[in-house]
Amino acid sequence: MIVVGGGIGGLGAAYALTRRGLAVRVLERAAAFGEVGAGIQLAPNCTRILDDYGLLDEAKSLGVLPDAMIMRDAVDGTELTRLDLRDLERRYGFPYLVIHRSDLHAMLLRACERAGVDLRTSQQVTACANTAGGASVTLAGGRVEEARVVIAADGLHSVARKLLVDDEPVSSAYVAYRGTTPTASGRAAEVDLSEVVVYVGPRCHFVHYGLRGGELLNQVAVFESPKARAGEEDWGTPDELDAAFAGTCDFVRGGLPDMWRDRWWRMYDRDPIMTWVDGSIALLGDAAHPPLQYIAQGAIMAIEDGWVLGEQVARHLGDGGWPAVLAAYQAVRPEHCRRVVTTSRAWGELWHLDGLARRQRNVLLRERDTYDYAFVDWLYGPTALDPADEPPMFTPIPLSSAKPDALTGTGG
Ligand code: FAD
């Protein structure tokens, strides 16, 4: 099997398939495996899978297990709503973890190495095609490699996606600045690392949480670029950053000097597509469903895709062969990811409201019961393997949670 792309999605899939006894080759275009960026949030629907892979303890040792996720208003700094992450862990059985993306990526790489994945760098794939015996990839330079199945985990600008749909990334006109700061001294030393906090404001938001056992403070500043709205090519530049947050509270503005100003991430997604499989070629991760990051599920969906593929191999490869495996993958994943991509867009609109709409939002969020999980049950529960197991959206499902006072002695 060939996996195109050695990001979090490609490595996760390679590991999931190798542990099912398959020989997997990963073709990565970069000269070395690695991840750029800073922190990443891993909700219980991902830590459940890491546990199944035997990687959860390692991930915990590399990251931070916060106690609470809090949403605040970016203008006045007041709390709007929160998730109690100790209770959340009891409800879903697995923790909410924050981790440096390079640590997550390196952990998956080590797992792939131990499992015997054939990992190759400097392999730019320029085309994928179905063949009589499976599928082939063409590399820059013209070499062709054949495999029974090709999994395309080649990200937002996927080469293989063109086989399925003639579409383009959709610009949100928002841009993300990131930064990690040592917590040994200064402002970062004052920040409570037991919390993941998002400050939501007019056309902007600001996120912070701890990394590496609390050694680092991860901060992300996201805003709508006026230059992007005006149709200018050169958008999202640092001169727009400070202006975008001028009306926010002292704490948020105090974090802006910690942002890296030599790189930024323009935020794109794509409209959902419901067919990810073309013959013996299947899309996975951002190649299939790049989201805006507002509900922090992009890398998680990629890891889920790989896990589902591995499970479908175990269930179907013996009887129905690869057509049955890919059909089972295709049957369950696109609808879940469609919901995530569209919900992420809607969530962004809610976060970035201004004026009366912002005040109405704040009233509603303040009224939310901390222990109401209706908005996350469909995300954080077990990853479905069959369409019938995909939970309804925004309807609470009966899991194990109750308020903490009813849970004396249940840990956390
Ligand atoms: P990518 O990471 O894009 O990896 C694709 C890989 O394929 C790369 O290594 C690339 O070099 C390689 N490649 C590309 N083209 C080729 C080719 N032609 N030939 C060979 N190799 C190729 N997600 C979360 O789950 N939680 C979060 O908290 C979170 N926060 C985010 C914050 C921000 C600001 C952003 C921008 C995103 C966030 N995400 C988050 C989303 C997440 O980062 C992505 O969804 C995820 O990394 C996608 O992984 P991937 O492996 O599918 O794609």
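The values are calculated or read from the model by the stated rules, or taken from the named source; none is laboratory data. Keep in mind that this is a model prediction, so the values were computed, not measured. Every residue, glycine as well, gets a Cβ built from its backbone with ideal geometry; the counts of neighbours run over all protein chains shown. Ligands, DNA and RNA are stripped out before the accessible areas are found, and what is left, the full protein with its side chains, is counted by its heavy atoms. Shrake-Rupley method; radii C 1.70, N 1.55, O 1.52, S 1.80 Å.
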For this session: Output the helices (runs of 4 or more DSSP H) that fall wholly within the range 1-100 and possess 2 or more residues being more than 16 Å from the ligand (Cβ to nearest atom) and either over 19 Å from residue 207 (Cβ atoms) or in contact with a Lys or Arg (Cβ under 6 Å, 6 or more places away or on another chain) (or both), or say none.
Result: 44-52, 56-62, 85-92
Exercise. Checking residue 266 against (1) part of a loop (DSSP other than H, G, I, E, B); (2) surrounded by fewer than 16 Cβ atoms within 10 Å (Cβ to Cβ), which single condition isn't satisfied?
Worked result: (1)
For this session: Output yes when any residue across the range 293-312 is in contact with a Lys or Arg (Cβ under 9 Å, 6 or more places away or on another chain), hydroxyl-bearing (Ser, Thr, Tyr), within 16 Å of the ligand (Cβ to nearest atom) and in contact (Cβ under 8 Å) with a residue 40 or more places away in the chain, and no when none is.
Result: yes
For this session: Determine, yes or no, whether residue 109 is modelled with pLDDT of 95 or more, surrounded by 15 or more Cβ atoms within 10 Å (Cβ to Cβ) and within 12 Å of the ligand (Cβ to nearest atom).
Result: yes
Seminar exercise, completed: When the range 297-335 is checked residue by residue, the ones that are more than 16 Å from residue 21 (Cα to Cα) and open to solvent by less than 10 Å² (accessible area, probe 1.4 Å) are 297, 300, 301, 302, 303, 304, 305, 326, 329, 332, 333, 334
Exercise. Take the residues of the range 357-393 that are among the β-branched types (Val, Ile, Thr) and more than 18 Å from residue 294 (Cβ to Cβ): which is least open to solvent (accessible area, probe 1.4 Å)?
Worked result: 383
For this session: Tell me which of these residue 254 doesn't satisfy, since it passes every other one: (1) within 20 Å of residue 178 (Cβ to Cβ); (2) in contact with a Pro (Cβ under 9 Å, 6 or more places away or on another chain).
Result: (2)
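Take residues that are within 16 Å of the ligand (Cβ to nearest atom) and under 24 Å from residue 353 (Cα atoms) and tell me which of the strands (runs of 3 or more DSSP E) falling wholly in the range 149-242 contain 3 or more.
170-182, 195-201, 204-211, 216-224
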Exercise. If you take the residues in the range 120-146 that are buried (at least 19 other Cβ atoms within 10 Å of the Cβ), assigned to a strand (DSSP E or B) and within 14 Å of the ligand (Cβ to nearest atom), which one is nearest to the chain's Cα centre (by Cα)?
Worked result: 125
